[in-house]
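Data first, discussion second: the structure below is written as structure tokens.
The values are calculated or read from the model by the stated rules, or taken from the named source; none is laboratory data. Predicted model, so just to flag it, every value in this text is computed and none were measured. Reconstructed Cβ throughout: ideal geometry from the backbone, glycine too, with neighbour counts over all protein chains shown.
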Amino acid sequence: MANAIDVNATPFEVLAEYERRSLAHAAGAPEQIEAGLWRGIGFRIGDRYFVSSIAEVNEILTLPQLTVVPGARSWLLGIANVRGNLVPVIDLRDFVGGGRSATSETTRVLVVRQHGGNAGLLIDEVLGQRSFSEEQLAATVGEVDEKYDRFVGENVQLGEVLWGLFSMAELVRSAEFQQAAA
């Protein structure tokens, strides 16, 4: 009986054998399934679909209560208290020049890290995690909308949807983003 556990084995050895067996029969460990995939958080602004690296989005929030900042640009909606930390909330559509966002039940705030703290980005809807294979990434097309070309270098086709690869790092480093005073 090759699968029997040695009756003289220590409790640790028995547990180690159980672990070995369970890993051998796993339907596919996440590391194996996702090898070679680029993962990101999908979101929508108006009729455009974007995805940012999963490493660039720290948190997803419903729209918190905001305190308006006098003398700020229109795209700085206000400051929110997020678990004791002050987080500026920016209307991403308004920031890129697409007009003011309307809020709804699907409106969310993506919290991203920037120099000196976090920033919240108001978006129309979070569309969950998206994964792209190396082949899909190799077939990217450039950004044609000049409003987004500073932050979207490439677009990836996934089914019927063209996903813009949105760089949160480029966004928060831009001089305009860092100058919220009107």
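Could you grab me the full set of residues in the stretch 134-147 that are outside any loop (DSSP other than H, G, I, E, B) and in contact (Cβ under 8 Å) with a residue 24 or more places away in the chain?
We begin by selecting, within the stretch 134-147, every residue outside any loop (DSSP other than H, G, I, E, B); these are 134-138, 141-142.
Hits for the stretch 134-147 are E134, L137.
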| Which residues, counting only those in the stretch 54-73, are touching a residue at least 60 places away in the same chain (Cβ under 8 Å) and farther than 23 Å from L165 by Cα? | V69, G71, A72, R73
| said: Within the stretch 127-155, take every residue that is within 21 Å of R93 (Cβ to Cβ) and among the β-branched types (V, I, T) and give me the one that is surrounded by the fewest Cβ atoms within 10 Å (Cβ to Cβ). | reply: V144
| Got at least one residue in the stretch 71-85 being surrounded by 12 or more Cβ atoms within 10 Å (Cβ to Cβ) and at positive phi? | yes
| Out of curiosity, is G28 over 21 Å from the mean Cα position of the chain (by Cα), modelled with pLDDT under 95 and not in a helix (DSSP H, G or I)? | yes
| query | Among the listed residues G164, G128, G117, which satisfies the condition of being of a type outside the set (F, W, Y) and at pLDDT below 90? | reply | G117
| Can you name the condition, by its number, that R150 falls short on among (1) in contact with a helix residue (DSSP H, G or I) (Cβ under 7 Å, 6 or more places away or on another chain); (2) touching a residue at least 60 places away in the same chain (Cβ under 8 Å)? | (2)
| query | Which of the residues that make up the stretch 156-177 are loosely packed, with under 12 Cβ neighbours inside 10 Å and either in a loop (DSSP other than H, G, I, E, B) or in contact with a strand residue (DSSP E or B) (Cβ under 8 Å, 6 or more places away or on another chain) (or both)? | reply | G159, E160
